[in-house]
1. Of 85, 31, 45, which is farthest along the charge dipole of region 29-99 in the positive direction, counting Lys and Arg as +1 and Asp and Glu as -1 at C-beta?
2. Sort 45-53, 82-90, 28-36 by packing, meaning the average of other beta carbons within 10 Å per residue, with the highest value first.
3. For region 29-92, take every pair of Cα atoms, bin their distances at 5 Å starting from 0, and report each bin as a whole percent.
4. Which of 67, 24 comes first, and how do the rest follow, when ranked by fewest Cβ neighbours within 10 Å?
5. For region 34-41, take each phi angle, set θ = phi - 60°, evaluate the Karplus expression 6.51 cos²θ - 1.76 cosθ + 1.60, and give the result in whole Hz per residue in order, putting x for glycine and proline.
6. What is the magnitude of the charge dipole of region 29-92 about its Cα centre, with +1 placed on the Cβ of each Lys and Arg, -1 on the Cβ of each Asp and Glu, and no other charges, expressed in debye to the nearest 20?
7. Counting only other residues whose beta carbon sits under 12 Å from that of residue 23, what net charge do I get with K and R as +1, D and E as -1?
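Derivation of every value follows stated rules applied to the coordinates shown; laboratory data play no part. Here the structure is a predicted model, which means the values were calculated and not measured. Ideal geometry is used to build each Cβ from the backbone, glycine not excepted, and the neighbour counts take in all protein chains shown.
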Amino acid sequence: MGKRSKKTTKWSQQVTAHSNALDIETGVFSSDDPQEIAHSLKRSAEASARRKSGAFRSAMSMLTFYINRGGSGLGDEQRRVLEKAKDELRKDFGREPKR
């Protein structure tokens, strides 16, 4: 087998940083405030002219993607904050939080 070149970033990190659908504010996923994360994602989704689906779906998809892929090394507390941000995002878009 051939040698693999060493990458400096993971593909998921590239997607999070350079999404073609949303221009995400720097450091949004590192916040410890679920409301701040949700509000930022909502602003980004509503401002985007490149997204292919609705603003809610785009914002929720990016958050879920980060939790599942980009945030694989998340600590338990930050994961809880991001999961709470999902409920806040649902509230921001006038949808019922999941129970």
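1. My answer, from the dipole projection, is 45.
2. 82-90, 28-36, 45-53
3. Cα pair-distance distribution for region 29-92, in percent: 4, 21, 31, 24, 14, 6, 1.
4. If I rank by nearby Cβ atoms, fewest first, I get 67, 24.
5. x, 5, 4, 4, 4, 4, 5, 5
6. That gives region 29-92 a dipole magnitude of about 480 debye.
7. Local charge sum for residue 23: +1.
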